[in-house]
Amino acid sequence: MTDKPNRIDDRYATREKYTTLRGIYKDAQRRLSEVDWNYLSCGTGDEVTLRENTAVFDRIRFEVPLFAGISNPDTRTKVLGFDLSFPAFIAPFGGGEAVFHPEGHLAIGRAAASAGIQQMVPVAAAHSLEEVAMASPVASIFQMTFVGDEGAVLEMIERAKVAGYQYICVTYSPIRQWRERMMEDRFSIRGEEGPSNFGPGKSDAAALVELLDFTRPRWSWAQAASVIKKAPLPCIVKGVSSVRDAKASLDAGAVGLYVSNYGGRTIDRTPTTLETLPAIRDAVGKDVPVIFDSGVRRGSDIAAAIALGADAVALGRIVAYGLAADGENGVRRTLELLQREFWTTLGHLGCSTVAELSPAALAHH
Ligand SMILES: Cc1cc2nc3c(=O)[nH]c(=O)nc-3n(C[C@H](O)[C@H](O)[C@H](O)COP(=O)(O)O)c2cc1C
């Protein structure tokens, strides 16, 4: 780190199209059809976990010290070897991100690069992994579902390596999710043509669903471990929500953990990740990189997650809102506003660096 921290422009007066994240959210909702909005915003079942994921952040209270504030805190950090302008990655959301904007992860990648953070790219995206890698200087983590034939999974990982990705984000999904808003809409992802990670003729999301429907039995930990060990790229495991799975992931050879409940999109009535995070951090010690997502909607949420043990957050829906509102510009502005609010939170809490955030920043700890 240099001694000159990133300078943040904190004036309210701006020529930007969007002054707040709320404005971006409203625009995204206005621009998308109701069906596409449901696809973006829905959860599973009664959406209890979806609601709790954000409600748990609403219950966070900071303890603000007097005469200890910092006027220009440094939001930069290093995670998994990446220098980040603030502790965030783009979450690997896909399936139908072209529904939100035709440029999908191409636009997201350009915006992430200008914001100084890194991008996770899903296997089921609207563009092939190579196309995203060509367009985005920060497409560094490729999300791969461990399903189907082991050899095919390893081949896809090799392809990702050749394209320039540096890590694999391992995910696991044994069966289709119960998303009632999408069921009521009879939703199916459009834009089936075009280049695809699984070959021409169908979307990657459709190809994955086929694998889900026809592959039995599901993968075991032993199988996952053998692929992680053979993989030509280091792996982080996503979907960790318990100490048991944190340990199993590390035993399987993961170099990092990604604590996530997929934004409540996989199964309802699971704990929020903010509640499970501290025990996981305690169990694995301070040196294991831990990425966190599900419910991050503003800069102070990032501070709360870091204080409770994450090294960085991943940004899912909040970035999708930016994409839907105004493509690359919407994502760029979203990231800028998140970074600024995070900066302001650090300053008020008296933290001059990200590393100084600890549970002491929170009231009732
Ligand atoms: C529309 C949409 C599509 C998603 N697709 C994927 C995917 O293909 N692979 C994946 O690992 N996670 C996927 N996710 C989950 C996100 O990567 C991330 O874990 C989640 O959005 C975090 O919750 P939040 O959006 O409430 O912050 C998707 C999320 C959304 C909203």
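Here is how the numbers come out for the structure above:
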read-out: Scan of region 229-279 for residues that are touching a residue at least 12 places away in the same chain (Cβ under 8 Å), part of a helix (DSSP H, G or I) and within 16 Å of the ligand (Cβ to nearest atom), ordered by number; value: Ser249, Tyr262, Gly263, Gly264, Thr273, Leu274, Glu275, Thr276, Leu277
read-out: Whichever residue in region 307-341 is in a helix (DSSP H, G or I) and under 21 Å from Gly81 (Cα atoms) and, among such residues, is nearest to the ligand (Cβ to nearest atom); value: Leu335
read-out: Output for region 320-354, where each listed residue is closer than 15 Å to Gly116 by Cα and aromatic (Phe, Trp, Tyr); value: Phe342, Trp343
read-out: Region 292-306 - residue that is under 14 Å from the mean Cα position of the chain (by Cα) and more than 10 Å from the ligand (Cβ to nearest atom) and, of those, surrounded by the fewest Cβ atoms within 10 Å (Cβ to Cβ); value: Arg298
read-out: Total residues in region 109-132, condition within 18 Å of Gly164 (Cβ to Cβ) and within 12 Å of the ligand (Cβ to nearest atom); value: 6
read-out: Boolean, Ala307 is under 16 Å from Lys238 (Cβ atoms) and hydrophobic (A, V, I, L, M, F, W, C); value: no
read-out: Subset of region 66-85 [touching a residue at least 40 places away in the same chain (Cβ under 8 Å) and either basic (Lys, Arg) or within 16 Å of the ligand (Cβ to nearest atom) (or both)]; value: Arg76
read-out: Within region 89-103, tally of residues that are within 11 Å of the ligand (Cβ to nearest atom) and buried (at least 23 other Cβ atoms within 10 Å of the Cβ); value: 9
read-out: Which listed residue, of Pro271, Pro289, is surrounded by fewer than 24 Cβ atoms within 10 Å (Cβ to Cβ) and more than 24 Å from Ala222 (Cα to Cα); value: Pro271
read-out: Verdict on Val354 being within 29 Å of Asp10 (Cβ to Cβ), buried (at least 20 other Cβ atoms within 10 Å of the Cβ) and either of a type in the set (D, E, K, R) or more than 13 Å from the ligand (Cβ to nearest atom) (or both); value: yes
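None of the figures in this text is laboratory data; all of them are computed from the coordinates on show. Treat the numbers as computed from the prediction; the structure is a model and nothing was measured. We place every Cβ from the backbone using ideal geometry, glycine too, and count neighbours over all the protein chains shown.
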